[in-house]
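Engineer: So that we are looking at the same thing, I have put the structure below in structure tokens.
No lab work stands behind these numbers, since they all come straight from the coordinates. Keep in mind it's a predicted model, so treat the numbers as computed, not measured. Cβ sites come from the backbone with ideal geometry, for glycine too, and all protein chains shown count toward neighbours.
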Amino acid sequence: MRMQRVPSLVDLCVQVAIDNVRYLGDVGETDFHLLERILPHCTLDQLMHIEDCTEGTDLSPVTDILWNKFYERQFGANNTNVVVERMRKNKVTFKWKQLYEAKSKDMEEAQQKSIDRLRQLYQKEDARKQSRQVRVCTKVPPSSRKRTFYGGVNASNICNTKSGLMKKAKLEFLNSREVKNLAAMKSKVVQRNRSVAPMKKPVVSSRFAASSSSKLTK
């Protein structure tokens with residue numbers, strides 16, 4: 001039966017550091033061969049925090065390869081290859097942390113420019129819509145005529161209007177053909193009655209009346 005290897009004290013310390021990597025800060029006094037086992041378990045923010053907290057020690061011999069992986073993961077393999085080719089062609093070398101920070105800054109500036117451009121477009125569109133909605137209105141002075149409760153003219157004006165309409169209707173009625181025919185017929189009847197002489201009642205004298213009454217009494 002094969003015996004299980006007992007972890008050394010160093011292995012136990014490294015495992016404890018890995019389990020609590022989010023709490024690490026200044027690791028300047030830690031050997032690089034131990035950091036090579038611990039720091040690959042850090043996230044980007046955790047690695048940035050450890051390097052910012054570590055003073056007096058350059059961790060790039062351990063962290064440069066880690067930043068290279070973060071760069072490729074964030075910006076793609078094509079951009080990473082372009083950077084490598086440019087450094088080889090220009091015979092210069094930059095730390096991948098610096099390259100990552102510079103690329104992130106460029107991306108933020110480009111994004112901010114895009115946001116500003118969109119904001120300007122929205123502002124222009126809003127101004128154009130508001131210019132279409134605004135209309136110059138001239139103030140009309142209130143009318144001197146009195147208004148009724150329902151917003152109409154005064155009652156006297158209504159009465160005058162009604163009387164005028166009645167007069168107009170009456171004139172139209174009097175000037176109509178039917179009324180004229182009736183008037184003509186009436187005038188003919190009046191003329192006919194005037195042409196016939198009236199019958200006179202017989203006049204009885206008082207003497208004749210007295211003799212007649214005496215005869216009747218006998």
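Engineer: What ³J(HN,Hα) values, in whole Hz, does the Karplus curve 6.51 cos²θ - 1.76 cosθ + 1.60 give for segment 64-72 when θ = phi - 60°, with x put for Gly and Pro?
Structural biologist: Each residue's phi maps through the Karplus curve to give 4, 5, 5, 5, 4, 5, 5, 4, 5 Hz.
Engineer: Just in segment 39-132: which trypsin sites (Lys or Arg not before Pro) are loop by DSSP and have at most 14 other Cβ atoms within 10 Å?
Structural biologist: Lys91, Lys95
Engineer: Okay, next question. Mind checking which aspartates and glutamates have their C-alpha under 19 Å from Lys170, skipping anything on the same chain fewer than 8 residues away?
Structural biologist: Reachable aspartates and glutamates: Glu178.
Engineer: Against the globular-protein guess of 2.2 N^0.38 Å, express the Cα radius of gyration of segment 9-128 as a ratio, rounded to two decimals.
Structural biologist: 1.44
Engineer: What FRET efficiency would be calculated for the residue pair Lys91, Leu9, taking the C-beta separation as r and a Förster radius of 35 Å, to the nearest 0.05?
Structural biologist: My answer for the efficiency is 0.15.
Engineer: Give the residue list of GluC sites (Glu not before Pro) in segment 26-120 that are DSSP loop and have at most 16 other beta-carbon atoms within 10 angstrom.
Structural biologist: Counting only loop positions with at most 16 other Cβ atoms within 10 Å, the GluC sites (Glu not before Pro) in segment 26-120 are Glu29, Glu55.
Engineer: Within a Cβ distance under 11 Å of Gly56, other residues only, what is the Lys/Arg minus Asp/Glu net charge?
Structural biologist: -4
Engineer: Just from the alpha-carbon atoms, what are the Rg and Dmax of segment 78-121 in angstroms?
Structural biologist: In Å, with Rg to one decimal and Dmax whole: 14.3, 44.
Engineer: A further question follows. Lys124: which aspartates and glutamates have alpha carbons under 14 Å from its alpha carbon, excluding same-chain residues fewer than 8 sequence positions away?
Structural biologist: Asp116
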